[in-house]
Each structure stands twice: as structure tokens, then as C-alpha cells.
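First the structure, in the form of C-alpha cells, and then the observations on it.
The values are calculated or read from the model by the stated rules, or taken from the named source; none is laboratory data. The structure displayed is predicted, hence computed values, not measured ones. Positions of Cβ are generated from backbone atoms using ideal geometry, with glycine treated the same way; all protein chains shown enter the neighbour counts.
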Amino acid sequence: MTVTSPVPPYPQPRNLLVGKTVVVTAAAGTGIGFSVAQRAAEEGATVLISDFHERRLGEAADRIAEKVGTRPATFVCDVTSEAAVQALRDAALAELGRVDVLINNAGLGGEADIVDMTDDQWSRVLDVTLTSLFRMTRAFLPAMYAAKNGVMVNNASVLGWRAQKGQAHYAAAKAGVMAFTRCAAVEAAEHNVRINAVSPSLAMHPFLAKVTTQEMLDKLVEREAFGRPAEVWEIANVMVFLASDLSSYMTGEVLSVSSQRA
């Protein structure tokens, strides 16, 4: 019988990112992106958050300001547009002066069996989840190379390793995120830039509940040894660690943030 472990207390700030500038993509709403933006601000970073949804982005910035007393800068960006990605890069450098940390969180899921999946469904998930990571990395690396300093943290998924029905497009994209992270890290290492990723299993938030059936959520929870999904800030904690100097000798790594049984 699975016993549900209690949710631990919300972490106290430890000044892990004091003096750092951080850009977070897909940071509106209630998911991992918003949580890592808030945690970065709580840890002392100067933060710029970006998202496709302008209203939700503004609301997210307001919520972070209520928590930490400082409103993060915002920039509306469609990560599937090369022009928009370059505009985000330019705005971040103008606003922050430099970008020490880029957290690539943009992703798109969905459920469709392969025999029913359209080219558009496949391409859209790959574009938002994987190709956008390439665009962002390509845009932000040159300034990090010039500074001989920088960190990127990418959001992958355990589905990059494990199979799940109806998730071929999403799993392929997340496996691509892992492979891209490793290859990019090798290139960036000679410029003193680190690139790592997290691989969450199940982090519960309202948007996930909207796009996933309760039956599927119940099945996913059953796989977790803790008997519960992760809180989004539990994933964000690991991303903050990877963004911080505490992980200074780590690059090209994909950290599983999961209690799934092997």
C-alpha cells in the first residue's frame, strides 16, 4: 500500500542567487515556470519573466512582487518566432545589463495515439518544446560566451526516458531536450558556460489538471513512491540549485526530480 508523504515546508531563502540576473521563459500562470521565477527572486536574483500570454504574464509579475517586494521585468514572447526570441534577448540585455542565467521552461503537451496524430500536432509540440530551446540557446549563448560566464537550465521530463501511451510527440521532444542539453553543454564548456536540465515526473498545478483526465492523473500519482505529485516549487528548488554556484562543476547533466519507482 502506498503511503502519502506529507508536503514539506516551503523553503526559506538562502541568498543562492544574490547578484545574479535571471531570465525565465513560459513563466506566467501557476506552473513550474512561475514557481522558478518566484524562487529565483526570493533567492536574490534580478528577474525578467517572459510568456506568450500578456495578461497572465502581468498577473504573474504582480504576484511575485507581492511575495518579494520587487516586480520582475516582463516581456511578451512567442518562442516559436525567431524574431520574437531575438527581441527577448535584446530586451533582457537592455533591461538587466547581462544575463547570468537563462531558464528554458517553454513546452507543450497533449495526448494523441500515433495513428491519429496529425502532422500539425506533431510539429507544434516539437516546435514549442524542442525547437524553441534551440532558438533560445542560439540567441543567448553569444553574450554568455563573450562574458565567459553563464548558466542555462532546461526543463525536460521523465517521459524523455519512459514510455507513456499517447505521448509520442511530447516524449520525443523531451528526449530531444535531454540530448540537446548534453551536446550544447560540451560546446559551451570551453567558454565557462554551464548547461543542465531537470527531468520532473509529476508536478501538480491547475493547468495540468485542465489538460489531463483525472483517471490519468490518478494513475500517474500511483507511480510515485511518495504517493503524491511534486509541488511545483520542489521542481523549482532543483532548478535554482543548478542556476546557482553550488552546482559549479555540473554541466551536461539531466537531474531526475522524481519519486517514481524504477
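Would you be able to tell me the number of residues in the stretch 8-41 that are touching a helix residue (DSSP H, G or I) at 6+ places or on another chain (Cβ under 9 Å), of a type in the set (A, V, I, L, M) and in a loop (DSSP other than H, G, I, E, B)?
Result for the stretch 8-41: 5.
Search the stretch 89-144 for residues being among the small types (Gly, Ala, Ser) and assigned to a helix (DSSP H, G or I), and hand back the single one that is nearest to Ala26 (Cα to Cα).
It comes out as Ser132.
If you scan the stretch 174-184, which residues turn out to be surrounded by 21 or more Cβ atoms within 10 Å (Cβ to Cβ) and touching an Asp or Glu at 6+ places or on another chain (Cβ under 9 Å)?
Hit for the stretch 174-184 is Thr181, nothing else.
Filter the stretch 42-79 down to the residues that are in a helix (DSSP H, G or I), within 24 Å of Pro11 (Cβ to Cβ) and among the basic types (Lys, Arg) and list them by number.
Arg63, Lys67
Looking only at the stretch 226-241, count how many residues are of a type outside the set (Gly, Ala, Ser) and not in a helix (DSSP H, G or I).
Matching residues across the stretch 226-241 total 4.
How many residues does the stretch 31-63 hold that are of a type in the set (Lys, Arg) and either modelled with pLDDT under 95 or under 16 Å from the mean Cα position of the chain (by Cα) (or both)?
Number of matching residues: 1.
Would you check if there is a residue in the stretch 242-253 being part of a loop (DSSP other than H, G, I, E, B), among the aliphatic types (A, V, I, L, M) and either touching a Leu at 6+ places or on another chain (Cβ under 9 Å) or under 22 Å from Thr21 (Cβ atoms) (or both)?
Yes - at least one qualifying residue is present in the stretch 242-253.
So for the stretch 54-69 (the condition being within 30 Å of Tyr249 (Cβ to Cβ) and among the charged types (D, E, K, R)), does at least one residue qualify?
For the stretch 54-69, residues within 30 Å of Tyr249 (Cβ to Cβ) and among the charged types (D, E, K, R): absent.
Take the residues in the stretch 148-166 that are modelled with pLDDT of 95 or more and in contact with an Asp or Glu (Cβ under 9 Å, 6 or more places away or on another chain), then tell me which one is surrounded by the most Cβ atoms within 10 Å (Cβ to Cβ).
Among them, the one singled out is Val151.
Give the residues of the stretch 76-119 that are basic (Lys, Arg) and either crowded, with 16+ Cβ neighbours inside 10 Å or closer than 15 Å to Asp51 by Cβ (or both), sorted by residue number.
Arg89, the sole residue that qualifies.
Inspect all residues belonging to the stretch 200-208 and state whether any of them is at pLDDT 95 or above and hydroxyl-bearing (Ser, Thr, Tyr).
no
Report the residue count in the stretch 1-30 for those that are of a type outside the set (S, T, N, Q), within 25 Å of Phe134 (Cα to Cα), at pLDDT 95 or above and surrounded by fewer than 23 Cβ atoms within 10 Å (Cβ to Cβ).
So the answer is 1.
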